[in-house]
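One structure is given here, and the rest of the page talks about it.
Every number in this text was worked out from the coordinates using simple rules, so none of it is lab data. All values derive from a computational prediction rather than experimental measurement. Backbone-built Cβ (ideal geometry, glycine too); neighbour counts: all protein chains shown.
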Amino acid sequence: MVGAQVLMALKTSTGSVVAKTFNISSHHSVVESKLSFDVWDLSAHEASDGTMWLFATVQLCRRSLNLVWQVGGVVNGTRPGIHQMAFSNKNAKATLELGA
C-alpha cells in the first residue's frame with residue numbers, strides 16, 4: 001500500500017531467501033531504503049513446505065500500529081514486483097493495539 005514502510009521476505013532468482021526494508025511511495029515505485037523506525041536482526045527463512053518466515057526486532061513509538069500484508073509472485077533480482085489489486089489485496093490491513 002502506498003505510504004507503507006515495509007519489512008519484506010523475498011525469494012531471489014538464485015533461490016535464496018532474503019529480508020529487506022522498503023518504502024512504498026507509489027504503486028510502481030518500490031525503493032529499498034532505511035525505515036523511519038529502527039529495525040534490528042532482520043532475517044528471513046524458507047520452511048520445507050515453501051512458507052517464508054520473516055524475523056525482526058523493531059522499535060515502536062506508539063501503542064498501536066497499522067499492518068498490511070501481501071503475497072506476490074514476481075521478484076526481479078531482489079526487487080519485488082507489483083502484487084494483484086483485487087479487493088482481498090486492497091483490504092489486507094489491520095490495526096494492532098499493544099498492551100501496556
To the nearest 20 debye, what charge dipole does the chain have about its Cα centre, counting +1 at the Cβ of each Lys and Arg and -1 at the Cβ of each Asp and Glu?
280
Selection from 47, 86, 74, by position along the positive dipole direction of the chain (Cβ):
86
Which labelled figure in (1) 42, 31, 27; (2) 46, 27, 22; (3) 78, 30, 22 is Cα extents along the principal axes in Å, once derived from the coordinates
(1)
Take residue 69 and residue 55, extend 7 Å from each Cα along the Cα→Cβ direction, and tell me the distance between the two endpoints in nm.
1.9
Which one, 58, 2, 17, projects farthest toward the positive side of the charge dipole computed for the chain from Cβ point charges (K/R +1, D/E -1)?
2
